[in-house]
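The values are calculated or read from the model by the stated rules, or taken from the named source; none is laboratory data. Being a predicted model, the structure only gives us computed values, none of them experimental. Neighbour counts run over all protein chains shown; Cβ positions are idealised from the backbone, glycine included.
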Amino acid sequence: MPGVRIVTDSAADLPAELVDTLGIAVVPLEVRLGDADPATTSALTPAAFWEMTASTDAIARTAAPAPGAFAEAFARAAHDGASGVVCVTLSASLSATYQAAVAGAQLAEVPVCVVDSTTVTMGEGFVVLDAVDAAAKGGDLEAVRAAAHASIATVRVLGALGGLDALRRGGRIGAAQAFFGTLLAVKPIVEIREGVVTGESRQRTRSRSLRYLVDKAVEAMPLRRVAVAHGAAADLDEFVAMLGAALPGVEILVTYIGPVIGAHAGPGTIGLCLQRS
């Protein structure tokens, strides 16, 4: 495929049909769950991952791809005739994936720009989609890189967690540790801010936490894109209906939180990904 190709990682949680339709190359992170073979776990569909998670007490663990995995993706793009590659990764503050992509770029046969999205799940996915749009319009490597960078400032990702165990044990709380350490029965809202997980607010009940997310979406209007990413949340339909009623005429993409982010967010999590116009 001529022109600039887009590569990302599996933390972007882009639906498979979008990936296939748009020709996006996805480099998977490794996911381990208990004694299961990592190759099997990493290849699970999001739905299958959450089914497997429900049947075990084990906490999933993740690892960044090797630089060689990115180098292979870049080599395939070169073989297909790409003039260059823009690679969008999840936040460099949360994973070594960005560094692995940079190392892989040094082995590439075509110019590669690696962009730290500073976010995760469909927030990262939105940055990828803007890079795809720029490439589809015939943008050169610098134009596509610039489009991805400009996209970052328009994206916001918040989440109502299903629980705290996975986030604590996964070690991704960072500066929010003090915030979580004071919580008892309170339902926290988290946000990816400047690349890290931060405590955004405390809500008394799950229903209030979901209402709070809806209010944040309304406050952010006008919106270009809205996505709901979930970890097999039982109240997903209720939330999507509430969000749709509050955002008439706005298309809402609903997708699973995949194994990479799901390993740290835990089951029941609902993520709200917003992109301002």
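Kindly indicate the residue of the range 183-208 that is small (Gly, Ala, Ser) and in a loop (DSSP other than H, G, I, E, B) and also modelled with the highest pLDDT among those meeting that condition.
The qualifying residue modelled with the highest pLDDT is GLY195.
Quick one: VAL86 ticks every box in (1) touching a Leu at 6+ places or on another chain (Cβ under 8 Å); (2) of a type outside the set (S, T, N, Q); (3) assigned to a helix (DSSP H, G or I) bar one, so which box is it?
(3)
Which one of these does LYS137 not meet: (1) modelled with pLDDT under 95; (2) more than 30 Å from ARG204 (Cα to Cα)?
In the conditions (1) modelled with pLDDT under 95; (2) more than 30 Å from ARG204 (Cα to Cα), LYS137 misses (1) alone.
Counting only residues that are within 15 Å of VAL157 (Cα to Cα) and not in a loop (DSSP other than H, G, I, E, B), which one in the range 244-263 is nearest to the chain's Cα centre (by Cα)?
This residue is ILE261.
Between ALA54, ALA58, which is surrounded by fewer than 18 Cβ atoms within 10 Å (Cβ to Cβ), touching a residue at least 60 places away in the same chain (Cβ under 8 Å) and either under 22 Å from VAL120 (Cβ atoms) or not assigned by TED's automatic domain parsing to the domain that holds ALA143 (or both)?
Going through ALA54, ALA58 in turn, just one is surrounded by fewer than 18 Cβ atoms within 10 Å (Cβ to Cβ), touching a residue at least 60 places away in the same chain (Cβ under 8 Å) and either under 22 Å from VAL120 (Cβ atoms) or not assigned by TED's automatic domain parsing to the domain that holds ALA143 (or both): ALA54.
Please enumerate the residues belonging to the range 89-114 that are over 14 Å from the mean Cα position of the chain (by Cα) and either in a strand (DSSP E or B) or not assigned by TED's automatic domain parsing to the domain that holds ALA25 (or both).
Passing the criteria: VAL112, CYS113, VAL114.
Specify which of the listed residues (PHE49, PHE74) is modelled with pLDDT of 95 or more, crowded, with 23+ Cβ neighbours inside 10 Å and either within 26 Å of LYS137 (Cβ to Cβ) or outside the structural domain of VAL197 (by TED's automatic domain parsing) (or both).
Going through PHE49, PHE74 in turn, the sole match is PHE74.
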